Structure formats: C-alpha cells, structure tokens
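The values are calculated or read from the model by the stated rules, or taken from the named source; none is laboratory data. Model, not experiment: these values are computed from the prediction. Quick reminder, even Gly has a Cβ in these numbers, built from the backbone with ideal geometry, and neighbours come from all protein chains shown. For accessibility, only protein heavy atoms count, side chains too; no ligands or nucleic acids. Shrake-Rupley method; radii C 1.70, N 1.55, O 1.52, S 1.80 Å.
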Amino acid sequence: MSTIAEGTDNGTDTTPEEVDVVVVGAGFSGLYALHRLRRSGLSVICFEAGDGVGGTWYWNRYPGARVDIESVQYSYSFDDQLQQDWHWPELFSPQEDLEKYINHVADRFELRPMIRFGARVNRMQFDEGIRMWHVSTESGHRVTAKYVFAATGPLDATNIPQFPGLENFQGTLVHTSQWPREGVDYAGRRVGVIGTGSTGVQVVPEMAKDAGHLHVFQRTPVYTVPAHNQPLDSSYERDWKEHYAERRAMMRRHPNALVLPMQGHGSIFDYTPEQRLKILEEAWQARSGLLFFFLFNDVMRDIEANDVVAEWFRGKIRQIVGDQEVAEMLCPKTYPLGTKRLSIDSGYYETFNRENVTLVDVGSNPIVEITPAGLRTTAEEYDLDVLVMATGFDAMTGSLTRMNVTGLGGVDLADKWADKPWNYLGLMVSGFPNLFMVHGPGGPGVVAQMVTQCEYQIDWFTDLIDHMESHALATVDTTHDIEAEWCDELAEVANQTLFPRADSWYAGANIDGKARSFMIWVGGFDVFADRCDEVAANDYRGFVLKP
Ligand code: N01
C-alpha cells in the first residue's frame with residue numbers, strides 16, 4: 001500500500017493521481033473516515049465542496065441552528081482523550097460550537113492536509129478495466145482510487161421549490177443551508193420564512209427577535225417540544241466524563257444510539273388518563289425533548305396510542321398560543337406524531353404571540369408565485385425584503401444522484417434509483433463496487449444519533465477493506481437479489497410502525513417527481529449494527545468479494 005496522500009489544500013498540484021481511497025465530504029463522517037483509514041495505512045484524499053470542515057454544521061449556519069441531541073452524546077467516541085478534554089458550553093450546542101469542535105478535531109488529528117477544499121465532486125465513474133474509480137471535481141481534480149467513501153450526508157442536497165418568478169425577487173433570497181458566512185441583514189426588515197420543519201422551527205424564533213415583521217408561510221404544522229437548552233452543568237459534564245466508556249457502550253445497544261432517561265413505560269393504555277398526563281407533563285418539562293418518541297412503546301405503532309399523545313400535544317399548543325385561531329393553525333392534524341422528524345425548539349409556539357409575527361396558511365392558500373416585491377398566495381400578496389427558504393433537502397439520495405455516479409455497464413446511479421433507492425444494509429448498491437455509503441438510504445439515517453452511527457459504519461467499512469487487502473481482493477459488490485430482500489425487509493419493518501403514514505422526506509415525498517419509497521431502517525440502530533456484525537462474521541454474507 002502506498003503512503004498517505006498529503007499536500008496543501010489550495011490547488012491540484014499536490015493531489016496525487018492515484019490513492020487507495022477517496023472520501024467525499026469533510027463532515028463528521030468524512031473526518032472520522034480520514035482518521036480511521038490513515039490508521040489502516042491507506043493513502044487517502046478527501047474532496048470537500050465547502051471551504052471548511054463540518055458538513056451539515058458548516059453549511060447550516062442560519063440563526064438558531066442547533067443540534068437536537070445533547071452534545072455530550074452527539075460527539076466522537078473514538079478518542080477518549082478528546083472526549084475528556086473537550087468542553088461543551090451548552091447542553092445542545094449551537095452551530096458555531098459544533099463548527100469549533102469539528103475544526104479542533106481536524107487540527108488535533110492533523111486531517112486538514114488530506115482535504116481539498118472548494119472541490120465539489122461532479123463525476124465518479126467505475127472503470128471496469130482497472131477496477132478502480134475515477135473521481136473528478138468541479139475545480140479540476142482527477143484522481144483514481146480503489147475505494148470511495150461517500151460521506152456526503154443524508155441532508156446535503158438543497159431543495160429549493162421552483163416557484164414561478166423566483167428569479168425576479170428583488171430582495172435577499174436565501175436557503176437556510178446556504179446561509180452566508182457574513183450573515184444576512186434582516187434587522188427591522190420585512191422577512192418571510194417558507195417552511196416549518198426542524199429548520200423553520202429553529203430559525204423562526206431567532207429571526208422574530210430582530211425582524212421588523214416576520215411572516216411564516218406554513219404548509220404543514222409541525223410537532224415540536226421545548227429543548228430547555230441551558231449552559232452545561234459542570235457536575236453533569238463530570239458525570240458523563242467519568243462514565244463515557246459505559247455510556248458509549250449503551251448507545252451501541254440503543255435503537256436510536258442514545259442514552260435517555262424516562263424510557264420504558266410500556267403501553268400508554270396501561271395508565272389511567274391522570275397517570276399519562278403526569279408522565280407526559282414530566283417529559284415536556286424534562287430537558288431531552290426527543291423523549292416523546294420513547295415514553296411509551298406503542299406510540300409509534302398504534303394509531304390510537306399516538307392519538308392520545310398527539311391530542312395532549314395539541315392541548316399544549318392551545319395553552320401556549322394566545323390567539324386560538326392561530327393556535328388551531330399550528331396544530332398538526334394530518335399525520336401521526338413522530339412520523340415526521342420531531343423537532344425541538346427554543347420558544348417556537350411562543351413566537352406566534354409576538355406582535356411582529358404572522359402565520360400564513362399556505363396549505364389552504366398555496367404560494368402561486370414569487371414576485372419582485374415578495375410573494376403571492378391564492379389569497380393575498382406579501383411584500384418582503386428578505387425571503388428565507390427553510391424548505392429542506394432532497395434527502396438521503398440527492399447528494400449521491402447529483403454527483404454523476406456511474407457503475408458497472410455505465411449504469412447511472414440516478415437511473416438505478418429511479419423507482420427505489422436499492423441498497424444492501426444502506427451500505428452498498430449492487431453494480432457499484434467498492435463504493436461505500438455512510439448514512440446511505442436503507443440505513444438508520446436520522447432516526448438514530450448520527451455520530452455514533454458514522455463511527456460504527458466507518459469502522460465496519462475499514463475492517464472490510466483490511467480484510468480485502470489482506471486477502472488480495474480487488475472488489476466488493478452486492479447483488480440485486482440481496483438488495484431487493486433488504487429493501488423488502490426494511491419496508492416490512494416500517495409498515496409495522498406509523499412512519500409510512502406521513503408524506504415525509506423519509507419516503508421522498510417532499511420532492512416533486514421523486515419515487516415514493518420509505519428509505520430509513522426504523523428497526524433500530526442496535527438491530528442494524530448486530531446485523532452488520534453478523535454479516536461480517538459470516539464472510540461478509542450477501543456481499544460478493546472478488547480477487
Ligand atoms: O426540512 P423539512 P428541514 N411550499 O423537509 C416546507 C434535520 N434537521 O430543513 O411539510 C410551502 O423537514 C415543508 O412543508 P411540508 C432533521 O432531520 C435537524 O426543516 O412539505 N412549503 C416543510 O415545512 C430534519 O427532519 C436539526 O408541507 C414548502 C419545510 O418546507 C431535516 O434536517 C435542525 C414547500 C421543509 O421541512 C430537514 O429539516 C434542522 C412549498 N413548495 C434540520 N416545499 C437539528 O438537529 C417545502 N415546504 C435540530
């Protein structure tokens with residue numbers, strides 16, 4: 001094996017023509033992949049579209065951007081000294097603290113020289129003659145590699161709905177995931193936010209503080225619970241640092257790769273209405289907002305159980321929001337609680353009590369066009385200085401299909417996935433040898449804590465590479481039969497839950513023309529990881545390894 005591919009990060013000069021591995025993306029997954037692959041003695045180069053490390057936490061710098069998992073958990077475990085040394089100022093870190101952390105990791109482990117920044121991959125082609133990948137970037141890099149890690153993130157490909165007139169808007173137009181580093185001047189101005197998913201829920205309260213007037217254009221109301229964010233308590237931090245080893249092991253055994261208090265109450269129907277109320281109220285006041293998923297074991301499986309919690313939830317909204325017409329508009333009624341990503345917030349519902357905030361129902365009165373001065377719905381016209389698209393992503397598949405990936409027989413990945421994102425264990429796609437997906441469609445994705453997941457998946461891939469190198473194997477692939485079996489199993493598991501009842505991005509429903517297919521393994525990270533371990537222990541059953 002060759003040496004490590006290092007060089008400056010500002011040009012093509014020092015980029016080798018051939019490496020063992022190309023890593024696409026320098027977010028949490030990409031950085032850990034660089035560290036782990038280098039430890040295996042492989043030569044590796046990373047292409048990153050942005051000018052800095054961080055991935056999601058580099059791009060999503062909108063006001064209010066914050067992680068919804070406690071930072072003591074949403075952080076790397078691979079180096080104990082790192083987790084002992086690092087101090088998180090807040091319980092749920094804001095974007096800037098996450099960016100600081102990931103930059104620290106890049107420097108501490110000397111990963112930066114392996115990364116080419118401002119280098120968006122625009123072509124990846126498997127060469128059957130030499131059984132290697134040719135990878136190209138928009139900035140002119142051309143590299144051949146035996147293996148590729150697609151650490152591109154499930155929520156990277158921006159979704160900007162193509163409203164008529166979009167190009168004519170005279171004010172400032174910005175998508176939350178492309179927020180300029182220098183910020184957007186919105187103080188005292190007329191601001192519109194389209195979208196009320198997890199991002200909208202975070203950006204709305206923050207922008208409302210300074211905007212002259214804020215119009216929130218809501219198509220579907222969201223379920224969101226208070227984060228109760230606060231400075232990280234020093235005794236809590238100490239406790240975590242003393243028990244990291246066992247807590248990280250607990251995460252590996254948890255369906256969502258988390259350590260959570262207050263779980264395991266059994267069925268909601270085992271409790272009297274008064275007891276339920278007490279449990280729910282306690283969870284609402286507790287500081288881990290995502291608890292609502294886990295309080296009772298039937299809420300995600302039984303619509304009647306879900307209805308009990310959802311109705312209680314709507315009661316909360318009606319209590320918080322003063323104007324009952326607005327409160328009713330904010331009440332989600334068309335999909336079960338938790339079947340779209342539950343959000344956590346800092347004063348979202350309360351924001352609608354402000355004089356300078358107006359909620360507009362674009363579910364009933366859709367946006368017809370963006371005008372030079374603002375936007376027009378079927379009911380009214382709104383003048384805006386700043387228009388914020390919190391409209392989400394072409395999730396799970398978009399970052400890969402937008403990269404022009406061609407595999408065996410010149411098959412384009414976008415064509416292969418035209419009716420379903422075929423995959424095996426979310427790790428590989430048949431006909432695309434040696435291409436490893438981190439957080440790919442078919443894996444647990446965003447329903448489990450992603451840093452722990454990425455470490456697990458990258459370790460698994462690196463062990464596979466070590467196996468291949470020590471047995472002089474050239475390629476690993478899977479078969480269409482195996483991926484069809486996995487996709488059927490994934491759908492069967494999802495169909496035992498309420499998840500498929502929502503028109504969510506989990507199923508590609510948010511993108512016009514995208515095939516509807518539930519893409520996330522909701523059978524638990526623990527089960528998923530056990531399955532991957534078992535596959536590896538059985539000579540990578542389901543994968544085809546060739547010399
Ligand atoms: O995107 P979304 P997001 N006209 O797709 C609306 C993660 N995340 O960026 O629901 C009008 O959820 C759309 O309406 P509807 C998290 O995993 C995590 O908010 O389709 N509206 C919806 O309201 C999350 O799930 C964190 O009817 C339109 C919104 O735009 C994922 O990222 C923070 C529209 C999009 O919501 C994505 O969240 C933020 C149109 N034409 C995000 N098109 C944390 O860790 C779309 N919408 C805390």
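Which residues, taken from the range 317-331, are part of a helix (DSSP H, G or I) and either out of contact with any helix residue (DSSP H, G or I) (no Cβ under 9 Å at 6 or more places or on another chain) or surrounded by fewer than 18 Cβ atoms within 10 Å (Cβ to Cβ) (or both)?
First, pick out the residues of the range 317-331 that are part of a helix (DSSP H, G or I): 317-320, 324-330.
Arg318, Gln319, Ile320, Gln324, Glu325, Val326, Glu328, Met329 - these are the residues of the range 317-331 that are part of a helix (DSSP H, G or I) and either out of contact with any helix residue (DSSP H, G or I) (no Cβ under 9 Å at 6 or more places or on another chain) or surrounded by fewer than 18 Cβ atoms within 10 Å (Cβ to Cβ) (or both).
State which residue pairs qualify: first residue at pLDDT below 95 and inside the range 48-67, second residue assigned to a helix (DSSP H, G or I) and within 14 Å of the ligand (Cβ to nearest atom) in any location, beta carbons under 9 Å apart, and separation of 6 or more residues or different chains.
Within 9 Å, no pair qualifies.
Which residue is surrounded by the fewest Cβ atoms within 10 Å (Cβ to Cβ), if the candidates are limited to the range 375-405 and must be within 11 Å of the ligand (Cβ to nearest atom) and of a type in the set (A, V, I, L, M, F, W, C)?
Only one residue tops the list, namely Phe393.
Quick one: in the range 415-470, of everything that is among the acidic types (Asp, Glu) and touching a Phe, Trp or Tyr at 6+ places or on another chain (Cβ under 9 Å), which residue is least open to solvent (accessible area, probe 1.4 Å)?
Selected residue: Glu455.
If only one of Pro366, Pro372 is open to solvent by 30 Å² or more (accessible area, probe 1.4 Å), more than 30 Å from Gln449 (Cα to Cα) and within 16 Å of the ligand (Cβ to nearest atom), which one is it?
Residue meeting the stated conditions: Pro366.
Tell me the residue from Pro94, Pro89 that is surrounded by fewer than 24 Cβ atoms within 10 Å (Cβ to Cβ), more than 16 Å from the ligand (Cβ to nearest atom) and at pLDDT 95 or above, please. Talk me through it step by step, then tell me what you get.
Working: Pro94 fails: more than 16 Å from the ligand (Cβ to nearest atom).
The match here is Pro89.
What number goes with the only condition from (1) crowded, with 17+ Cβ neighbours inside 10 Å; (2) out of contact with any Cys (no Cβ under 9 Å at 6 or more places or on another chain); (3) more than 27 Å from Gly445 (Cβ to Cβ) that Glu304 does not pass?
Just one mismatch for Glu304, condition (1).
Can you tell me which residue among Asp477, Asp530 is open to solvent by 10 Å² or more (accessible area, probe 1.4 Å) and either free of Cβ contacts under 8 Å to residues at least 40 places away in the same chain or touching a Leu at 6+ places or on another chain (Cβ under 6 Å) (or both)? Full working, then the answer.
Values: Asp477 fails: either free of Cβ contacts under 8 Å to residues at least 40 places away in the same chain or touching a Leu at 6+ places or on another chain (Cβ under 6 Å) (or both).
Selected residue: Asp530, the only one of Asp477, Asp530 that is open to solvent by 10 Å² or more (accessible area, probe 1.4 Å) and either free of Cβ contacts under 8 Å to residues at least 40 places away in the same chain or touching a Leu at 6+ places or on another chain (Cβ under 6 Å) (or both).
Of the conditions (1) touching a strand residue (DSSP E or B) at 6+ places or on another chain (Cβ under 8 Å); (2) within 16 Å of the ligand (Cβ to nearest atom); (3) open to solvent by 50 Å² or more (accessible area, probe 1.4 Å); (4) more than 30 Å from Asp466 (Cα to Cα), Gln162 clears all except one; give me its number.
(1)
Any residue at all in the range 212-230 that's in a helix (DSSP H, G or I), within 16 Å of the ligand (Cβ to nearest atom) and open to solvent by 30 Å² or more (accessible area, probe 1.4 Å)?
no
Listed residues Asp80, Asp68, Asp85; which is under 17 Å from Met450 (Cβ atoms) and not aromatic (Phe, Trp, Tyr)?
Just a single option satisfies the conditions, and that option is Asp68.
Any idea which residue in the range 231-253 is surrounded by the most Cβ atoms within 10 Å (Cβ to Cβ), counting only those that are not in a helix (DSSP H, G or I) and not acidic (Asp, Glu)?
Leu232
In the range 470-478, is there at least one residue being part of a helix (DSSP H, G or I) and of a type outside the set (Phe, Trp, Tyr)?
Yes.
Of Gly54, Gly27, Gly41, which residue is within 21 Å of Thr462 (Cβ to Cβ) and under 17 Å from the mean Cα position of the chain (by Cα)?
Gly27
Which of the residues spanning the range 189-211 are open to solvent by 50 Å² or more (accessible area, probe 1.4 Å) and more than 13 Å from the ligand (Cβ to nearest atom)?
Listed by number, the residues that qualify are Arg189, Arg190, Lys209, Asp210.
If you go through the range 85-119, how many residues are more than 19 Å from the chain's Cα centre (by Cα), part of a loop (DSSP other than H, G, I, E, B) and within 28 Å of Gly64 (Cβ to Cβ)?
Selection size over the range 85-119: 7.
Here is a check on your reading of the model: is Phe149 within 16 Å of the ligand (Cβ to nearest atom), touching a residue at least 40 places away in the same chain (Cβ under 8 Å), aromatic (Phe, Trp, Tyr) and touching a strand residue (DSSP E or B) at 6+ places or on another chain (Cβ under 6 Å)?
no
Being of a type outside the set (Lys, Arg), at pLDDT 95 or above and touching a helix residue (DSSP H, G or I) at 6+ places or on another chain (Cβ under 6 Å) narrows it down to one residue among Val438, Val388, Val411; which is it?
Just one listed residue meets the conditions, Val438.
Regarding Asp412, is this residue in contact with a Ser or Thr (Cβ under 7 Å, 6 or more places away or on another chain) and surrounded by fewer than 20 Cβ atoms within 10 Å (Cβ to Cβ)? Can you show your working first?
On the way: in contact with a Ser or Thr (Cβ under 7 Å, 6 or more places away or on another chain): yes; surrounded by fewer than 20 Cβ atoms within 10 Å (Cβ to Cβ): yes.
Criteria met by Asp412.
Regarding the range 484-497, can at least one residue be identified that is touching an Asp or Glu at 6+ places or on another chain (Cβ under 6 Å), open to solvent by 50 Å² or more (accessible area, probe 1.4 Å) and over 30 Å from Asp307 (Cα atoms)?
No, that holds for no residue.
Determine whether Val67 is farther than 21 Å from Gln202 by Cα and within 17 Å of the chain's Cα centre (by Cα).
no
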